[in-house]
1. Given the criterion modelled with pLDDT of 95 or more, within 19 Å of the chain's Cα centre (by Cα), in the same structural domain as A:R249 (by TED's automatic domain parsing) and not charged (D, E, K, R), identify the matching residue among A:G357, A:G365.
2. Answer yes or no as to whether B:R209 is within 25 Å of A:V150 (Cα to Cα), within 13 Å of chain A (Cβ to nearest Cβ) and touching a Lys or Arg at 6+ places or on another chain (Cβ under 7 Å).
3. With respect to the numbered conditions (1) in contact with a Pro (Cβ under 7 Å, 6 or more places away or on another chain); (2) at negative phi; (3) modelled with pLDDT under 95, which one is the sole condition not fulfilled by A:V43?
4. Any idea how many residues of the range B:221-242 are within 17 Å of B:T198 (Cβ to Cβ) and at the interface with another protein chain (Cβ under 8 Å from one of its Cβ atoms)?
5. Using beta carbons and a limit of 6 Å, which pairs, at least six apart or on different chains, have the first residue in the range B:165-192 and more than 7 Å from chain A (Cβ to nearest Cβ) and the second one among the small types (G, A, S) and not in a loop (DSSP other than H, G, I, E, B)?
6. Kindly provide the set of residues from the range A:92-118 that are touching a Pro at 6+ places or on another chain (Cβ under 9 Å), farther than 15 Å from A:A142 by Cβ and either in a helix (DSSP H, G or I) or facing chain B (nearest Cβ under 9 Å) (or both), ordered by number.
7. Need a quick list: strands (runs of 3 or more DSSP E) entirely within the range A:327-381 having at least 3 residues that are under 21 Å from A:R307 (Cβ atoms), hydrophobic (A, V, I, L, M, F, W, C) and touching a residue at least 40 places away in the same chain (Cβ under 8 Å).
Amino acid sequence: MRMILTLLLAGIASTAIAQDTQEAAPELVGGSVKSNVAIAVPVMPGDPIGRQVSQVIVSDLRSTGLFTPLGPGGLPGYSVEEAGNPAYPNWRNAGVSALVSGYIEPRPDGRMTVACYLHDVTAGRELTHQGFAVTSDNWRQAAHKCADLVYSRLSGQQPFLDTRVVYVAETGPKNNRQKRVAIMDSDGSNNRYLTVGRHTVVTPRFSPRGDKLVYVSYIGRKPRVLLYDVASGQERLLIPGNHITFAPRFSPNGRDVVFSMAENGNTDIYIVSASGGQPRRLTSVAGADTSPSFSPDGRQIVFESDRSGTQQLYVMSADGGGQRRISFGGGRYASPVWSPAGNMIAFTRIAGNFRIGVMNAGGGGERILTDGWQDEGPSWAPNGQFVMFHRTAQGAGATRLYAVPVSGGSARIMPTPAGGSDPSWSPINN
Amino acid sequence: MKMDRAELAGTGAALAFHAALIAALTLSLAHVTSKPEPPSMEVEFVEDIGFEAAAPTSIATPPPASQAPEIGEAPPDEAAPAPLPPATQPRVAPAPTPRPTPKVRTKPAPAKPAPRASRIGDDFLKGIADSPSKSDAPAKPAAATFSATARASVGQAILRQVQPCADRQPFIGEDANKVRLTINLKLARSGRLVRPPTVLKTSGDPDLRAKYGDLLEDQVRRIFAQCTPLRLPAELYDTPTGGWNDFTFTYRVN
């Protein structure tokens, strides 16, 4: 009996000791204040172009909606030597949390180095740095790369600022509008036209590497898919002959193009090698099947179809099997695009007005992101954090490009020389 | 019923004894002097509970000198966490010219509010001086112990002091709250960090850890850069059963 009691007491004691040593560590909970981070971007020393480099960085950071960049005007300068070792107390007094510094230095090969440093002013330490070697006429790209470095380090997101946008530039009156394929940096600079405007064009889309485009040109008043090489400017018909083809997109590996073709009064989805060959039909149900878009793993395709009587979204395997509807809200759904991460699909919702929305890739979880009168034609940023689209103003008919954060927030206008529609966001530039 | 003679005698004796006892007691109580009531004790409600050592703070006999070296402790007057190594070069940039050495501040910048007046006197450390004890018999001081209660209280005190800085941290992502860091602090007696906070463990979904781990660590570093030095009970800094010189906690965001 005494032994049993001793054992019981020993057990209780050891349990108490174990509880004491395994005591949970106390927890500190951060606030998650939804306010923009103030970042100082003073003029980069080393070359007169430094002021413009800093201005581009400021503009890029502001466009993300996450930061309040200050400078380059109104901020004190610093030396090349101080770029990596700034006087943190001085910047703390300036009321900023972060500092982007750097310098510009000529290289023996004739190019220049743009060195970019990001500092946590509050903690008084460098967070990251990188140098970019560019030709002197390509300094803007170095500035975009620097802004991407800052954005990624402070947000945890993949970069997206050093990208291009291909779109349809619209000029002229509403009843006689000229539509040309144009390409520009995602901040609106370096705009140039790829087509001359002899034929109306729609829906230009980048290849996964950004070196090719597919778009639709109304040649002889019939829509035809063309394949365009960005570097050489060479183009060719995707499907030779007199076929009506439209709504093209590249597959994730860039080797195939999926598109719609109207044959014998029915519009179906086809796939063909980007290097040419015989197209393969993926849908055959009565009705118009169009706007196909691959999932990033290449295994599925989302598309729109009016087979049920109204335009709705459907998903099928890449070989055309297992077709199922994924949109069930009121109104119609159009122009679906799979997100780069594969977990969402952006679309145009038509219910009175046209709005841009996103839903889960399997359907459900629908969120409307915009509130314009006519918003359509979504395209994902390569990091999946923004969707670009075109907005037509009520009455005036002017169409402009906008980008909206997927996490919610107001859409911002994209700077284009004239009107624009059907944007396609490129992958990150090399 | 009649009592016999013996019973009558016994009863009489008992009555007489009781009467005598009552008289004796009455007389003795009358001579007791009543002591005055002690003055009423004033009770102060203190904010910090459990930080004080259970042992009395005034130690009559100084304890023997400390024999164990203090490891990793920074001088009490150090200005700030050790400066980080100078920035390395950008990957494609040629080596920049040497940078000037960082300015060394001799005093910490008085950016933070003055600490509250301590209830512990200026001479509270005299009792544990390193000088050899002059007493003949080595006294056995009632050393402070870092009990579970003390540990919990110190932990709460640390978190309470840095919470205003934690509250100011910016939003970094909808799913960032699914990642939790386990952080270790090495603290000097001054309440400053001996080295930057160290991440012992990052828990959560691997993708989210990769995405937010660095950002959360940045936040922890900012919090302790802004909200230190900490004010904690000196006697619990380093005891035989632990102390706040080595403190581990977890961090997450709302």
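1. Numbers: A:G365 fails: within 19 Å of the chain's Cα centre (by Cα).
A:G357 is the lone residue from the list that is modelled with pLDDT of 95 or more, within 19 Å of the chain's Cα centre (by Cα), in the same structural domain as A:R249 (by TED's automatic domain parsing) and not charged (D, E, K, R).
2. Working: within 25 Å of A:V150 (Cα to Cα): yes; within 13 Å of chain A (Cβ to nearest Cβ): yes; touching a Lys or Arg at 6+ places or on another chain (Cβ under 7 Å): no.
When the stated conditions are applied, B:R209 does not pass them.
3. It fails just one condition, (3).
4. The initial filter retains those residues of the range B:221-242 that are within 17 Å of B:T198 (Cβ to Cβ), namely B:221-225, B:228, B:230.
Then keep just the ones that are at the interface with another protein chain (Cβ under 8 Å from one of its Cβ atoms); that gives B:221-223, B:225.
Here the count works out to 4.
5. B:R180/B:S203
6. A:S97, A:P108
7. Numbers: elements: A:332-338, A:344-351, A:353-360, A:374-380.
Correct list: A:332-338.
For every residue, the table says whether it meets (1) among the acidic types (D, E); (2) crowded, with 18+ Cβ neighbours inside 10 Å; (3) in contact with a Phe, Trp or Tyr (Cβ under 9 Å, 6 or more places away or on another chain); (4) assigned by TED's automatic domain parsing to the domain that holds A:P292.
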{"site": "A:R221", "(1), (2), (3), (4)": "no, no, no, yes"}
{"site": "A:R236", "(1), (2), (3), (4)": "no, no, yes, yes"}
{"site": "A:N242", "(1), (2), (3), (4)": "no, no, no, yes"}
{"site": "A:A247", "(1), (2), (3), (4)": "no, yes, yes, yes"}
{"site": "A:F250", "(1), (2), (3), (4)": "no, yes, yes, yes"}
{"site": "A:A262", "(1), (2), (3), (4)": "no, no, yes, yes"}
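The values are calculated or read from the model by the stated rules, or taken from the named source; none is laboratory data. Quick caveat, the model's predicted, so the values are computed rather than measured. Virtual Cβ from ideal backbone geometry, glycine too; neighbours counted across all protein chains shown.
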